[in-house]
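Below: the structure, in structure tokens.
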Amino acid sequence: MTEVAHRFDPFILREYDIRGIVGKTVHAADARAIGRTIGTLVRRKGGKKVALGFDGRLSSPELAAACIEGLNAAGVDVLNIGLAATPMLYFSVYHLEADGGIQITGSHNPPDYNGVKWMMGKKSFFGADIQTLGAMAGKGDWESGRGKVETREILGAYAARLLKDVKPGKNLKVAWDTGNGAVGVSIRAVVDKLPGTHFVLNEKVDGTFPAHHPDPTVPKNLEQLMAEVKKQGCDLGIAFDGDGDRIGAIDGKGRVLWGDQLLVLWARDVLKTRPGATIIADVKASQVLFDEIARAGGKPMMFKTGHSLIKAKMAEVGAPLAGEMSGHIFFGDIFYGFDDALYCGLRLLNIVANAKESLAEMRDGLPQPVNTPELRFDCDDDRKFNVVDEVKVRLQQAGATLSDIDGVRVSTKDGWWLLRASNTQPVLVARCEAADAAGLERLKDALKAALGASGVTLPDDVEAGGSHH
Ligand SMILES: [Zn+2]
């Protein structure tokens, strides 16, 4: 059965990737059409081979097989690296000198989700590119041919590349929680070569995620790791999301270090060899991060939330480091600039293993503002961006100090508050940060008032954290 065109459920063509519920909005036919269309784009740019990997979800092998059929039907050869975390696929594009890469992954979503992330050449592909892909498939605007498939084993090369930058000054005890996600494929090849003592939790790749959900931005998903860190007396604990492109970390006292706190530590480290460099963080990050980057001699840059957007901006301004609250961290100083959480874990281990202080002491040494977690609450897709615009216009008219790089981030003498619309869900996202509790209450009241004027109520029991965007 050769399709002449293919229509996607428009809901799955998202801002940064393609993702949906398997058997409902995502089927093998979608994966085949994605392969055919990406294969077409690769060929029209003069390329002919694409690397492909897939995560540990139960539906991944079937979707991968269909995607390979589509790529081959476009006349593109596939280098199949098999079960792998997303960053291992990114690495394979460089290592195998492929013209692009496709990862079948549902990232941190529930087990019945799946989707696709990819690279076109060495670049990410998002926003309007994804709409173009949908339109091409809808018209059957495809190349034809007969590509081949080859299996490629890259784990050894990948682990060696990650380990190359590890230079610990002392032995550490570290707990690692791969959450039954795809990092389970590569964790042993890395930690077995590290000095020190290492405890790996939930190593077996299992797409039903039996231990806990693989999303380290949600504190309850870190409880097992916290317990292990305490039980074994570890110096630190490191957690991954389901496809290994986001990191979470725990100090020796079992406390979470959030993405913006970790980024302070990595920024100080990178700035030692790259003084004056630009370091990028998303609008959700604490003011502490931007202040500390400046204090360490760097140029802080606030940018939009969204891993593809940040990656593209990083390449544009030549930043050696960038990151998001969500745990997507990008090292470009001596690495490729993509978000590899296992590599980030090793760079954190380097810092702790070469410092006089413990990770807990580093955490306590940071300024401690009071802030809300990321507050997420429902708002219709056709309303969410308008609400943010209305709030912005009213505040501008009132002479407020604000940044509109992504939503509105309003600065007052108490601190700041942020309101933005999720690019991927019918949700508004807010965060507030102040020097003290009284200031935080004033900021929350200001946020509530700003929303109220647009007829939106900030729920009292608003859901905290727990998503990419
Ligand atoms: Zn992910």
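Given a 1.4 angstrom probe, I'd like the percentage of the accessible area of the chain that is carbon and sulfur, rounded to a whole number. Exposed carbon and sulfur together represent 52 percent of the surface.
Probing with 1.4 Å while keeping every protein chain in the model, the per residue accessible area of the stretch 252-389 equals 35 Å². Placing dummy labels 7 Å off each Cα toward the beta-carbon, the span from K123 to D460 is 5.1 nm. Please give the FRET efficiency for D165 paired with T197, using the beta carbon to beta carbon distance and R0 = 25 Å, rounded to the nearest 0.05. The calculated FRET efficiency here is 0.75.
Charge dipole of the chain (Cα centre as origin; +1 on each Lys and Arg Cβ, -1 on each Asp and Glu Cβ, all else neutral): 1120 debye, rounded to the nearest 20.
Descending by average beta-carbon neighbour count within 10 Å, the peptides 287-298, 62-73 line up as 62-73, 287-298, the highest first. Placing pseudo-labels 7 Å out from each Cα toward the beta carbon at T412 and K231 gives an inter-label distance of 4.6 nm. Computed extension length for T151-A437: 97.3 nm, one decimal, from 0.36 nm per residue of separation with the Cα-Cα distance subtracted. Rolling a 1.4 Å probe across the protein heavy atoms gives the stretch 34-172 an accessible surface of 38 Å² per residue.
A straight chain from E143 to S403 at 0.36 nm per residue would run longer than the Cα-Cα distance by 89.2 nm.
Placing unit charges on the Cβ atoms only, positive for Lys and Arg and negative for Asp and Glu, gives the stretch 252-373 a dipole magnitude near 100 debye about its Cα centre.
The values are calculated or read from the model by the stated rules, or taken from the named source; none is laboratory data. These figures come from a predicted structure and were not determined experimentally. Glycine also receives a Cβ, built like all others from the backbone with ideal geometry; neighbour counts cover every protein chain displayed. The accessibility values were calculated without ligands, DNA or RNA, using every heavy atom of the protein model including side chains. Shrake-Rupley method; radii C 1.70, N 1.55, O 1.52, S 1.80 Å.
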